[in-house]
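These notes concern the structure reproduced below.
The values are calculated or read from the model by the stated rules, or taken from the named source; none is laboratory data. All values derive from a computational prediction rather than experimental measurement. Methodologically, a virtual Cβ is constructed for each residue, glycine included, from the backbone with ideal geometry; neighbour enumeration extends over all protein chains shown.
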Amino acid sequence: MVYVLVAISVASMSAAQLLLKRGLVDVGQFPGLRDVVPFFLKAYTNGYVIGSVLLTVVTALAWVSAVSKGELSRLYPFMALSYVLVALFSQVLFNEGVTTARWIGIAVICVGVALVSRT
């Protein structure tokens with residue numbers, strides 16, 4: 001059960017980041033401190049950003065439940081799998097360039113997670 005909660009945490013955190021990016025494509029770039037209030041009003045009334053915030057809450061609920069049931073030092077490395085999901089879906093959804101060096105780094109993260117999961 002604990003690994004189901006971790007998987008929910010990883011998936012919802014990754015999805016939250018992707019929704020945030022999608023919403024900010026609509027909202028635009030942060031304009032600076034002078035226009036901070038209008039920017040955040042626009043951002044936090046965007047459906048994608050609202051969805052991102054709600055998924056962040058789901059992430060927190062699942063993560064708190066997982067940590068209450070397992071060892072933090074064993075569970076926390078799994079959160080790094082969000083790097084894999086975000087890189088993959090950022091490339092697919094937003095046409096972001098993910099370099100070979102970045103994929104190698106992500107592969108190293110995956111090897112690390114695999115090692116931690118076996119201990």
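What the table below lists for this structure:
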| item | result |
| --- | --- |
| Every residue from the stretch 57-87 that is of a type in the set (S, T, N, Q), in contact with a helix residue (DSSP H, G or I) (Cβ under 7 Å, 6 or more places away or on another chain) and modelled with pLDDT of 95 or more | THR59, SER65 |
| Leading residue by the ranking (farthest from ILE8 (Cα to Cα)) among those in the stretch 27-71 that are polar (S, T, N, Q) and crowded, with 16+ Cβ neighbours inside 10 Å | ASN46 |
| Cβ-Cβ under 6 Å pairs, at least 6 apart or on other chains, the stretch 1-27 side at pLDDT 95 or above, far side of a type in the set (Phe, Trp, Tyr) | VAL6/PHE78; SER9/TRP63; LEU18/PHE89; LEU19/TYR48; ARG22/TYR48; GLY23/TYR48 |
| Hey, SER82 within 18 Å of the chain's Cα centre (by Cα) and under 20 Å from VAL2 (Cβ atoms) or not | yes |
| Verdict on VAL98 being surrounded by 12 or more Cβ atoms within 10 Å (Cβ to Cβ) and outside any helix (DSSP H, G or I) | yes |
| Listing of helices (runs of 4 or more DSSP H) fully contained in the stretch 28-95 that carry 3 or more residues being under 30 Å from ARG118 (Cβ atoms) | 47-69, 72-75, 81-94 |
| All positions within the stretch 41-56 that are without any contact (Cβ under 8 Å) to a residue 40 or more places away in the chain and either out of contact with any helix residue (DSSP H, G or I) (no Cβ under 9 Å at 6 or more places or on another chain) or among the hydroxyl-bearing types (Ser, Thr, Tyr) (or both) | LEU41, TYR44, THR45, TYR48, SER52 |
